[in-house]
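Trainee: Take this structure, written in C-alpha cells, and hold onto it; I'll ask about it next.
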Amino acid sequence: MKIGISLLFIICAVLNMNAEDGHSLWLRNKNSVPVNVVCTTNSPTLSVARQELQEGWQGKAGATIVLSITKDKAIKNDGFKLSSRGIEANTKQGVLYGVYELLRRQQTGEAFKDEVCNPSYAVRVLNHWDNIDGTIERGYAGNSIFWRKGETAFEVTDKDKLLWQEYARANASVGINGTVLNNVNASPLMLSKQYLERVKAIAEVLRPYGIKTYLSIKFSSPALIGGLKTSDPLNPDVIKWWKDKTKEIYSIIPDFGGFLVKANSEGQPGPQDFGRTHADGANMLADALKPFGGIVMWRAFVYASNDKDRAKQAYNEFMPLDGKFRDNVIIQVKNGPIDFQPREPFSPLFGAMKKTSVMPEFQITQEYLGHSIHLVFLSPMWEECLQSDTYQEGQGSTVARCTDGSIFAQKYTAIAGVANVGLDANWCGHHFAQANWYAFGRLAWNNRLASETIADEWLKLTFGKTEPSADWTEHFLKPVKQMMLQSREAAVNYMMPLGFHHIFAAEHHYGPGPWWAPKGIRSDWTPPYYHKADTLGVGFDRTQTGSDAVEQYYEPLRSQLNDLKTCPEKYLLWFHHVSWDYKMQSGRSLWDEICYRYDSGLQQVRQFQKVWDGVQPYLDAERFGQVQQKLRNQCRNAQVWKDAGLLYFQQFSQRSIPLEIERPVYDLEFLIHGDSQSRNE
Ligand code: BDP
C-alpha cells in the first residue's frame, strides 16, 4: 500500500513535470544541433551568449559562429551586426541581443542578409508595480517575483535566483535592458539598507543579461525615513540626503540605473507640496544621479480634482517647464492623455515638449483591458499610438519619431511598459498575455514593427513546431493570428466604442459601470464625468467651445479633431458631445451605431471561441483548456458590457435597440446591484 502510494506520487510528479504550464514562454529550444562558437573576449554576458547559441542553434550542424566586440559607427547603443560569419557589436549586450535575434530567425524561419540592427530606444524598461509586501498593484498573475513579506522576506533562495534568471533571460531575448523593481506608489522603506541589499542580489542575477535595475522612490523619503523636517527639493539638507542616499545605492549596486518618480499625483507627495515645480524636484534628483551616470524618469501622470478636464492637465503642468529639465531627466508620458484606456488619442505632450527628453509609457498589465481573463493582444494599441502623427515638425512627426531621437536630439531615449509578470506558473496569468510582454520588448527595440509580424513571431515561438507543416500554418497560425490582431478592437467594441472612456464600475476597472458615482468621491473618478450622457446626446465636449482640449494638438490635427465632421469616429465621443440622432458614416444614427458596436464586440468574442475550439488538435491539452475557459469568461463579461452599455444609455437616448441586434439578457438592475462584476476566474 505504502509503495503503491509513493509510486502514484512519483507518477503524478512526472506527469506534472511534463504538463505544459506555459512557463517556458517563447523560449523553447527545439532540436538544436552542434555549433562551434568562437569568442575572443570573456565576460558573464558573453558566456550567456555562447551558451544560448549552443543550446539553441538550428543552423548548419558544426557551423562556426564568431562573436566579436568591435568599434563600428554604424552600430548604435547596444545594436549589432549580423552576418553569416557571426555577430559583431560595440557592447557585450549587443552581442547577446544579436544571438537572440539570430536564434529567433532560425526558429521562425525568417531569412537574413548581412545587416545592422539598432534599437529604437536606448533605455527599454519594465515598470513593476510590485509592493514590498509582495502584492502587485494592478497585477493579475499572482504575487511579486521580487518581494514577499514574512520572516523570509530578505532571504535570497536558489528558487528566487532561478526565477530571476529566467525572467532576465526572457527580457534579454526581446531586448529589454532595464527594470524598475517596485511600485510607482512607492514605499519609502525601499531605500532602506535591507531592501537595498535585496536589490543588490537581484541586480547580480540580472546583470549578465544586460538588465539594469532602477527603483521608484517616494519623494518625501528624506522626512519619512531620513529624520529631516522637510523634503523640500531646494533645502540643502534634503539635497544632501539624496546625494548621500544615491552614493550609498551606487556603492551597493554600481550599475544602478536611476529613479522613477510619481510625484503630486493621486495623493503621492511631490515638489509642489513645498511650492516647487516638477523641474525643481526632478533636477535635484538628477544632480544626485549625474556623477554616476544615472537617470530620472519623472512621470507626467498628474491631475488635480478641481480641473474641468482631466485630459488637459498633464500638458498644462508640463509644457511651461519645457527646457527646464536637466539632460538626465526623461519625462515619462502615458500613451493617452487620461489613463491607459482601451482607446485614447495620443497624449498631446508627445512632440510638443521639444527641449525635453520624453518617453512613452505603455501598460502591459491589462488593468483596463480585462485583466488576465480577456484575450487582448495589445500590440495594435501601442502601434496605433506610436504611428499617430503629431504634425509637430510637419507631416510624419509620429509619436515614435518624436520620442526615439529621429526628430529631437534627446540625450536619452527611452520607453517603459508596466509589467504583467507575477508568480503564476505561466508568468502572466493568461497564456496570451505573454504575447503582450513579448510585444512590448519587440516594439521597444523596433518601434516601426507591425503587430502582425510580432504576433506571427510569438505564435511560432510559443506554439510552433521546428518544422511547421503547411497544415499547422493554415489551421493554427493563420486563424489564431487573425484572432489576436482583432482582439483589441473587439475589446474596444464591447467595452468603450466610439471614443467612450473610463466607464468602469468601481475601482477594480474590470466590468462596466457607466452609472457608478458613489457620494463623496471625486467626480473625475466617476464615469458620468467622462460620458456626460443626457437626453440630447452623449460624449465629452473637448472642442474649442467645450473644454478646448483640442487646443493642445497641433494643426492640422487640432481642426480635424475639433470638427464633428472630420473627427475620426473612433475618437468621436472623446472630443464631442453628439446628439443621439447624429448620422454616422455607416448611415446609422449615433444611437444605433453604439448598439451595433457593442453587439459586434460580443460577437467577435463568440467567434474567438469558435476559432479556439477549432485549433484544439494543434496544441497541448493544458494550454488549450485554460484558454478555452478564459474565453468563456471573457464572453460572459462581454455580454455584461454590452447589456450595460445598451440598457444604461437607453435611459437617456429613449430610443429602441435595432431589431437585428440580439436582445440584452441581463436586467439593468442586476447589472448595477447584482453579481455581474464577478471576475469568475
Ligand atoms: C492608474 C491605476 C493606479 C496607478 C496609476 C498610475 O489605477 O493603480 O497607480 O494609474 O499610473 O491607472 O500611477
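The values are calculated or read from the model by the stated rules, or taken from the named source; none is laboratory data. Remember, it's a predicted structure, so these values are computed and weren't measured experimentally. Cβ coordinates were reconstructed from backbone atoms using ideal geometry, including for glycine residues, and neighbour counts include every protein chain displayed. Side chains are part of the model used for accessible areas, which takes the heavy atoms of the whole protein and leaves out ligands, DNA and RNA. Shrake-Rupley method; radii C 1.70, N 1.55, O 1.52, S 1.80 Å.
Trainee: With both partners inside the chain, how many of the DSSP beta bridges are antiparallel, as a percent to the nearest 5?
Mentor: Restricted to the chain, the bridges split so that about 20 percent are antiparallel.
Trainee: Still on this structure, please answer the following. Please report Rg over Rh for region 536-681, where both radii come from the alpha carbon positions and Rh follows the Kirkwood definition.
Mentor: Looking at region 536-681, the ratio lands at 1.08.
Trainee: Percent of Cα-Cα pairs per 10 Å bin, from 0 to the last occupied bin, for region 244-360, please list those.
Mentor: Spelled out bin by bin, region 244-360 gives 14, 43, 31, 11, 1 percent.
Trainee: Mind listing the Cα extents of the chain along all three principal axes, in Å, largest one first?
Mentor: If we take the Cα atoms of the chain, the spans are 74, 68, 60 Å.
Trainee: Cross-link partners among lysines for LYS193, C-alpha distance below 26 Å, same-chain residues fewer than 8 apart left out?
Mentor: Within the straight-line cut-off, LYS193 pairs with LYS149, LYS159, LYS161, LYS212, LYS218, LYS229, LYS240, LYS243, LYS245, LYS247, LYS262, LYS290.
Trainee: Determine how many Å³ per residue the convex hull of the Cα atoms of region 45-112 encloses.
Mentor: 78 Å³
Trainee: Report the one residue of TYR529, HIS23, GLN387 whose Cα lies farthest in the direction of the positive end of the charge dipole of the chain (charges on C-beta: Lys and Arg +1, Asp and Glu -1; origin at the Cα centre).
Mentor: Farthest towards the positive end: HIS23.
Trainee: Just to confirm my numbers, what's the Cα centroid distance between region 199-276 and region 111-136 in Å?
Mentor: Each part's Cα centre sits 22 Å from the other's.
Trainee: Evaluate E = 1/(1 + (r/R0)^6) for GLU507 and LYS149, where r is the Cβ-Cβ distance and R0 equals 25 Å; express this FRET efficiency to the nearest 0.05.
Mentor: Plugging the Cβ-Cβ distance into 1/(1 + (r/R0)^6) gives 0.65.
Trainee: Tell me, what ³J(HN,Hα) does each residue in region 107-113 have, in order and in whole Hz, if you take phi through Karplus 6.51 cos²θ - 1.76 cosθ + 1.60 with θ = phi - 60° and put x for Gly and Pro?
Mentor: For region 107-113, the Karplus-derived couplings read 6, 9, x, 8, 6, 8, 10 Hz, x marking Gly and Pro.
Trainee: Using r as the Cβ-Cβ distance of ASP667 and LYS565, and R0 as 41 Å, what FRET efficiency do you calculate, to the nearest 0.05?
Mentor: It comes to 0.60.
Trainee: Per residue of the chain, what 222 nm ellipticity follows from adding -39500 (n - 2.57) for every DSSP H run with n ≥ 4, rounded to the nearest 500?
Mentor: The helix contribution divided over the chain gives -11500 deg cm²/dmol.
Trainee: With each label point set 7 Å from Cα along the Cα-Cβ vector, what nm distance links LYS60 and LYS76?
Mentor: Spacing of the two 7 Å Cα→Cβ label points: 3.4 nm.
Trainee: Along the charge dipole of the chain, Cβ charges K/R +1 and D/E -1, which of LEU659, THR152, ILE239 sits furthest on the positive end?
Mentor: Among LEU659, THR152, ILE239, the one farthest towards the positive end of the dipole of the chain is ILE239.
Trainee: What is the dipole size for the chain, taken about its Cα centre, with +1 at each Lys and Arg Cβ and -1 at each Asp and Glu Cβ, in debye to the nearest 20?
Mentor: Charge dipole, the chain, about its Cα centre: 1320 debye, nearest 20.
Trainee: Using the Cα atoms of region 285-425 to build a convex hull, what is its mean projected area in square nanometres?
Mentor: 10.4 nm²
Trainee: Let me ask another. For region 167-293, take N as its residue count and report Rg(C-alpha) divided by 2.2 N^0.38 Å.
Mentor: In units of the 2.2 N^0.38 Å rule of thumb, it is 1.06.
Trainee: Based on the Kirkwood radius over alpha-carbon pairs, what value in µm²/s does the Stokes-Einstein equation return for the translational diffusion coefficient of region 392-459 at 37 °C and 0.692 mPa s?
Mentor: 237 µm²/s
Trainee: Say R0 is 41 Å: what FRET efficiency, to the nearest 0.05, do ASN118 and ALA425 get from their beta-carbon distance?
Mentor: That gives a FRET efficiency of 0.70.
Trainee: Using a 1.4 Å probe on the protein heavy atoms, what percent of the accessible area of the chain belongs to carbon and sulfur?
Mentor: Ligands and nucleic acids excluded, carbon and sulfur give 52 percent.
Trainee: Order the peptides 262-274, 280-292 from the highest to the lowest mean number of other Cβ atoms within 10 Å of their residues.
Mentor: 280-292, 262-274
Trainee: Could I have the simple spin-label model distance between VAL38 and ILE252, label points 7 Å from Cα toward Cβ, reported in nm to one decimal?
Mentor: 4.5 nm
Trainee: What lysines does LYS60 reach when the alpha-carbon gap must be under 24 Å and sequence neighbours fewer than 8 apart in one chain are set aside?
Mentor: Hits, sequence-local ones excluded: LYS30, LYS81, LYS113, LYS460, LYS465.
Trainee: Based on Cβ point charges of +1 for Lys and Arg and -1 for Asp and Glu, what charge dipole magnitude is obtained for region 17-117 about its Cα centre, in debye rounded to the nearest 20?
Mentor: Computed charge dipole of region 17-117: roughly 320 debye.
Trainee: Modelling each spin label as a point 7 Å along the Cα-to-Cβ direction, I'd like the ARG655/LYS478 distance in nm, to one decimal.
Mentor: 3.9 nm
Trainee: Using the heavy atoms of the protein chains alone and a 1.4 angstrom probe, what is the accessible area of the chain per residue in square angstrom?
Mentor: Ligands and nucleic acids excluded, the figure is 39 Å² per residue.
Trainee: Hey, another quick one. Kirkwood Rh over alpha-carbon pairs of region 123-463, then Stokes-Einstein at 37 °C and 0.692 mPa s: what D in µm² s⁻¹, rounded to an integer?
Mentor: 163 µm²/s
Trainee: Out of SER347, ALA304, PHE318, whose Cα points farthest toward the positive end of the dipole of region 275-373 (charges: +1 Lys, Arg; -1 Asp, Glu; placed on Cβ)?
Mentor: Going by the charge dipole, the pick is PHE318.
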